[in-house]
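A short write-up of the structure that comes next.
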Amino acid sequence: KEIHIIDDNFAARKDHVYSFCRELMRRKIRIPFSCSNGMRLESMDPEILKLMRSVGFYSVAVGIESGSDKILSDMKKQTTTEKIRQRVAMVRAAGIEVTGLFIVGYPTETIADVMKTIDFARKLPLNRAAFTSFLPLPGSPISKTLQKQGALCEEQWKDFSFYSSKHSYAPAISAAQLAKLVKTAFVRFYLRPRPLFYFARN
């Protein structure tokens, strides 16, 4: 009854998205589609969103990561909170639901930065949000940096969990504080009239 595309790079090449959508049209396939694993905001424009919506795409998840411009810069995201606002509004204007994906506890982050992220998430026109603990995934540049600093040991891999990290890689945030911040983010985002109405309606 529904198809989820689990591919972070689905929209990396627009010609691929166009050909996929046109093939759905040619075959007259009418099934709801969702990109639930995340699409890059910069890969979307009004034309491609209109086409996706016309063939059944109703929801996308986007990696926003942080509501702090400083942390976005540290993450080398090559975007700003203002650009994110504009892009999320563009997706919503196309009639597509948006799930925001956020990271809590990046190594250079402070509690104040996390609170900026929570406030930012609440102000965006998101349908859903997911807040996960920072994890230095194997092979990523930040994992290599942490290894050089002696902040990442092999013994910690067994504790890897996006939702219940037993370790904090941010010196300014303890593991206990990180766990509490993740819970706070979910509570503050969802316990509001707009998200509650959305879930009741759906």
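The values are calculated or read from the model by the stated rules, or taken from the named source; none is laboratory data. All figures in this text were calculated on a predicted structure; none of them were measured in a lab. Backbone-built Cβ (ideal geometry, glycine too); neighbour counts: all protein chains shown. The accessibility values were calculated without ligands, DNA or RNA, using every heavy atom of the protein model including side chains. Shrake-Rupley method; radii C 1.70, N 1.55, O 1.52, S 1.80 Å.
How many residues does the stretch 90-115 contain that are under 15 Å from the mean Cα position of the chain (by Cα) and farther than 20 Å from F33 by Cα?
6
List pairs: first in the stretch 15-26 and more than 12 Å from I48 (Cβ to Cβ), second in a helix (DSSP H, G or I), Cβ under 8 Å, 6+ apart or cross-chain?
Between residues of the stretch 15-26 that are more than 12 Å from I48 (Cβ to Cβ) and residues that are in a helix (DSSP H, G or I), the close pairs are M25/S54.
Only one residue in E23, E42 is within 21 Å of P125 (Cα to Cα), charged (D, E, K, R) and open to solvent by 10 Å² or more (accessible area, probe 1.4 Å), so which one is that?
Of E23, E42, the one residue that is within 21 Å of P125 (Cα to Cα), charged (D, E, K, R) and open to solvent by 10 Å² or more (accessible area, probe 1.4 Å) is E42.
Quick grid of which residues meet (1) out of contact with any Gly (no Cβ under 8 Å at 6 or more places or on another chain); (2) of a type in the set (D, E, K, R); (3) in a loop (DSSP other than H, G, I, E, B):
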position: K1; (1), (2), (3): yes, yes, yes
position: F10; (1), (2), (3): yes, no, yes
position: S19; (1), (2), (3): yes, no, no
position: R30; (1), (2), (3): no, yes, yes
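Which one is modelled with the lowest pLDDT among residues in the stretch 63-91 that are open to solvent by 50 Å² or more (accessible area, probe 1.4 Å) and of a type in the set (K, R)?
K76
Name the residue, out of G56, G38, that is out of contact with any helix residue (DSSP H, G or I) (no Cβ under 9 Å at 6 or more places or on another chain) and at positive phi.
Every option except G38 fails the conditions.
Identify the single condition in (1) outside any helix (DSSP H, G or I); (2) farther than 30 Å from T108 by Cα; (3) not hydrophobic (A, V, I, L, M, F, W, C) that R53 does not satisfy, given that it satisfies every other one.
Status for R53: all satisfied but (1).
Give, as residue ranges, the helices (runs of 4 or more DSSP H) completely inside the stretch 67-147 that count at least 3 residues that are touching a Gly at 6+ places or on another chain (Cβ under 8 Å) and within 20 Å of Y190 (Cβ to Cβ).
111-123
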